[in-house]
Amino acid sequence: MNNLAEKLIHNYENNSDKVCLIQANEKMNYKELYEKVCGFKKVLIKNGITKGSKVLVLVPMSIELYVTLISLWTIGATPCFMDAGFIKSGMKNNEFDDIEAVIGIRKYLLYSSINKNLRRKTKINISQIKPIKLEELTIEEVDKDFPAIITYTSGSTGRPKIAARSHEFLLTQANILEKTLDYGPKDKELSSVPIFTLSNINVGITTVIANANFTSLEKSNPKALVEQLKFINRIMAAPGLLEVIVKECEKRKLKFSNVKKVFTGGGAVFVDLIRKLKEIFPNAKIVTIYGSTEAEPIAEQDVTNLTNDDIEHIRNGRGILAGNIIGVEECWLVDQTLTEINDMTAEEFEKIKTTGVGEIVVTGKNVLKGYVNGIGDKENKFKVDGKVYHRTGDLGYMDQYGRLWLEGRKKSPFFNVEAALHTRTELGKTAIVKLNDKNYLVLEEKDQIDPKVLDQIEFVKIESIIYVKKIPVDKRHSSKVDYNALYKIVTKKV
């Protein structure tokens, strides 16, 4: 069967009493997950949800989120998502004309009335999630390309893209992640990344949902987060959340020898953060994962013990080590000056490939082949003899060992400068912006540094430092700099 629900629910039979999810003081084992899915499925059907229904899910990362997902999949319905930080703006930017119902917490259900197409749609509060004791759960058959999750982007480019990931796509991704994430049967993982938590449920381990503010990780309660570290042996978190944890642990001089693995991705991971993680988790293997919504994973790297050569490479402006290619079937670098890439033959493709720094393009079963209604395809996809490739928009190169290094986004190719600075001094969030053909380092006011450190950066000219109260970041991981918002701030200071 192609339905994700069957693969995720099989642990009811194999690990019924094993704890599946922990959130604050609430625990749910696999049997209880099964029973809640049975109960909520009935609620959904009663509210008119059927196979093929598209349902907007406005539920933060929580136990209820996973009950909702699996319940919808058992029916053959498709859950649709927006990043939590974009819910209000997303209501205005998207039509939602094919959405049949909305599931959410009370606050977000109220937000949905902003959109004229959602006002009269069925609203289902997650408070209706109740278990039904030991009832057989039937699961709808779906085609392998049937959409399992639809994601509405923030529309930062002015045209929101809609990404539809099929059941086959997510099953392929789950199989890759199972190998990459090196699970053990007794693992307990602190997680802030929803898609990886699905992988945890699939393999039958326990996930502790991070006690975090998922709309703004910096506003999370650090004491509550650190308390959770006592009960886990692995972490899956964006760099933004790790920074919150590190800051609190440094403040209280805490170390956690019980943590054996730390996985992170979704933003740049600099050497100074790696050093701090090694100090706080002395027995942990630290692994970075590079990927995106359209292709996850692309590369991974054990950064626990970077070699002196690797650190010197970073220090000299050669970028961030993403590591060995995994998951994708092909990863190439193409001419970074190309704005449009049209469909072509294999022979023509060879002509735009480069062995130096280029834009990273990938293809494979875990690579999204296109967006809903084709919006975004021209900018982000192209075909080579009919095979679809995804343009990541990232610049990188391969080293002599076949490892991928990142130098930044095409629109902001300065990861290498930031990475070099982070080898020389401890910094918080950083950004390099180009204004009037001059490069400026942007720091937050709390991170005052000696401007002479800029003299050590010999491979690029940095004009000066601009201090801002806060560097704006993405709403998804609180890790990537929101350059559109940042430019609005710094142009007033130059």
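Values in this text are rule-based calculations from the coordinates and carry no lab data. A quick note: this is a predicted structure, and the numbers were derived from the prediction, not measured. Note that each Cβ is placed from the backbone with ideal geometry, even for glycine, and that neighbours are counted across all protein chains shown.
Each distinct pair of alpha carbons in the range 257-358 adds a 1/r term; the inverse of their mean, the Kirkwood radius, is 15.8 Å. For the chain, relative contact order (Cα pairs under 8 Å, six or more residues apart, normalised by length) works out to 11 percent.
What whole number of Å gives the distance from the Cα centroid of the range 321-389 to the Cα centroid of the range 219-287? Here the answer is 34 Å between Cα centres. Using the rule -39500 (n - 2.57) for each DSSP H run of four or more residues, divided by the residues of the chain, the 222 nm mean residue ellipticity is -8500 deg cm²/dmol. Exposed loop sites here mean chymotrypsin sites (Phe, Trp or Tyr not before Pro) with a DSSP loop assignment and at most 16 other beta-carbon atoms within 10 Å; the chain contains its longest site-free run at 1-400. The largest-to-smallest principal axis extents of the Cα set in the range 348-494 are 53, 38, 28 Å. Here the range 99-227 is treated as a sphere whose radius is the Kirkwood value from Cα pairs; by Stokes-Einstein at 4 °C and 1.567 mPa s it diffuses with a coefficient of 71 µm²/s. A simple count of charges around Y30, restricted to other residues whose Cβ falls under 9 Å of its Cβ and scoring Lys, Arg +1 and Asp, Glu -1, yields -1.
Sequence-distant contacts, meaning Cα pairs under 8 Å at least 6 residues apart, place the relative contact order of the range 315-400 at 34 percent.
Checking the Cα-Cα distances for K41/K121; K92/K446; K276/K438; K219/K488; K116/K383; K188/K410 against a 29 Å cut-off, the pairs over it are K92/K446; K276/K438; K116/K383; K188/K410. Charge tally around I326: other residues with Cβ under 15 Å, Lys/Arg +1 each, Asp/Glu -1 each, net -4. Reported to the nearest whole Å, the Cα centre-to-centre distance from the range 44-76 to the range 418-494 is 42. Amide H contacts of K188 (H built 1.01 Å from N, in plane; Pro and chain starts excluded): N233, R234 sit under 5 Å, all sequence-distant by 5 or more or on other chains. Each listed q (0.14, 0.15, 0.16, 0.17 Å⁻¹) maps to a log10 I(q)/I(0) for the range 4-171 from the Debye sum over equal C-alpha point scatterers, namely -0.72, -0.82, -0.93, -1.05. Grab the other residues whose beta carbon is less than 13 angstrom from that of E100, score K and R as +1, D and E as -1, and report the net. With Lys, Arg at +1 and Asp, Glu at -1, the neighbours total +3. Derived scalar couplings between HN and Hα for the range 322-330 equal 7, x, 6, 5, 9, x, 6, 7, 9 Hz in order, rounded to whole Hz, by the Karplus curve 6.51 cos²θ - 1.76 cosθ + 1.60 (θ = phi - 60°), x for Gly and Pro. Overall form of the range 192-276: rounded. Here a/c, set by the Cα gyration tensor axes a ≥ b ≥ c, is under 1.5. Close amide-amide hydrogen proximity is noted between Y371 and D377, each under 5 Å apart and 5 or more residues distant or on a separate chain (H modeled in the peptide plane; Pro and chain starts excluded).
Taking only the alpha carbons of the range 1-89, we obtain Rg and Dmax values of 13.6, 43 Å in that order.
Here the relative contact order of the range 4-171, from alpha carbon pairs under 8 Å that lie six or more residues apart, stands at 24 percent. When DSSP beta bridges are restricted to pairs lying wholly in the range 429-490, around 60% turn out antiparallel.
Computed over the Cα atoms of the range 429-490, what is the ratio Rg over Rh, Rh following Kirkwood?
My calculation of the ratio gives 0.97.
Taking all Cα-Cα distances within the chain, those exceeding 35 Å account for 34%.
When the pairs K144/K179; K31/K285; K123/K186 are compared against a 30 Å limit on Cα-Cα distance, K31/K285; K123/K186 fall above it.
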